[in-house]
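Here is the structure we will look at.
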Amino acid sequence: MINIYSKADYPGNELSNFARHPFELDGVKIASMEGFLQALKYRNEENQKLVCSLSGEEAKRAGKYKFMWKMTQFLHWQGRDYELFSDNLQILIDRAYEAMYEQSEEFRKALVATGSEVLTYEIGIQQMDKTVLTEYHFVRRLEKLRIRALSEIEKQEEGDEYEGKTEK
């Protein structure tokens, strides 16, 4: 079992939203998933970009006292509002994870390093109205991306084996 947590051993620490895995989404440079998730609490696009440039505890602190989203149940990205429980918000967060996956080799390596271990997020929150990303949604996204990473490696290895065979 691997607990995803910033202070965990590798690879759990590298899969934490606090880990610095720079990526770009919709033309915005993002330092970490935590920066992106906290930026969603800001309506102002310039403030979003600033928060997106943060990682770790600094990113978490940037959103810590932003409570309006809890009252309105809306988050924001580039001038668009996203209802907290909506499919559109989940699609946006999926897009962010996909972008990080595609642009961060270290993130992909950490996913692969988990092998077939059960992933957990013991400090995660389950109630959707109290967090931008629930423990369930977080772990399911990582599992989905891990399957993709392992599948890509398997296809690469099959291709390498095929290229190594000579025709007679």
If I filter region 91-108 down to residues being part of a helix (DSSP H, G or I) and touching a Pro at 6+ places or on another chain (Cβ under 9 Å), which single residue comes out as farthest from Y10 (Cα to Cα)? Q103
With the condition kept exactly as written, say whether any residue in region 70-81 is of a type in the set (S, T, Y) and either within 28 Å of A110 (Cα to Cα) or in a helix (DSSP H, G or I) (or both). yes
Please work out which residue is surrounded by the fewest Cβ atoms within 10 Å (Cβ to Cβ), limiting yourself to region 10-25 and to residues that are assigned to a strand (DSSP E or B) and among the charged types (D, E, K, R). E24
Failed criterion for N88 (all others in (1) assigned to a helix (DSSP H, G or I); (2) in contact with a helix residue (DSSP H, G or I) (Cβ under 8 Å, 6 or more places away or on another chain) hold): (2)
Name the residue that is nearest to the chain's Cα centre (by Cα), counting only residues in region 117-147 that are at pLDDT 95 or above and farther than 29 Å from M68 by Cβ. L145
Expected single match for closer than 20 Å to S6 by Cβ, assigned to a helix (DSSP H, G or I) and in contact with a strand residue (DSSP E or B) (Cβ under 7 Å, 6 or more places away or on another chain) among V132, V51, V139 is V139
Would you please name the residue that is nearest to the chain's Cα centre (by Cα), looking only at residues in region 87-116 that are under 21 Å from N44 (Cβ atoms) and without any contact (Cβ under 8 Å) to a residue 60 or more places away in the chain? I93
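Among the candidates I153, I91, which residue alone is closer than 23 Å to F18 by Cα and among the aliphatic types (A, V, I, L, M)?
Answer to the selection: I91.
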Considering region 117-142 alone, what residues qualify as being among the aromatic types (F, W, Y) and without any contact (Cβ under 8 Å) to a residue 60 or more places away in the chain? Y136
Between R108, R80, which is at pLDDT 90 or above, farther than 21 Å from A39 by Cα and out of contact with any Asp or Glu (no Cβ under 8 Å at 6 or more places or on another chain)? R108
Cβ-Cβ distance below 8 Å, separation of 6 or more or different chains: which pairs start in region 143-156 with a residue that is free of Cβ contacts under 8 Å to residues at least 12 places away in the same chain and end on one that is polar (S, T, N, Q)? none
Conditions (1) β-branched (V, I, T); (2) closer than 22 Å to E143 by Cβ; (3) crowded, with 16+ Cβ neighbours inside 10 Å; (4) touching a helix residue (DSSP H, G or I) at 6+ places or on another chain (Cβ under 8 Å) -> V112 fails only (3)
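The values are calculated or read from the model by the stated rules, or taken from the named source; none is laboratory data. What you see is a predicted model; the values in this text were computed from it and never measured. Cβ atoms come from the backbone with ideal geometry, glycine included; neighbour counts cover every protein chain shown.
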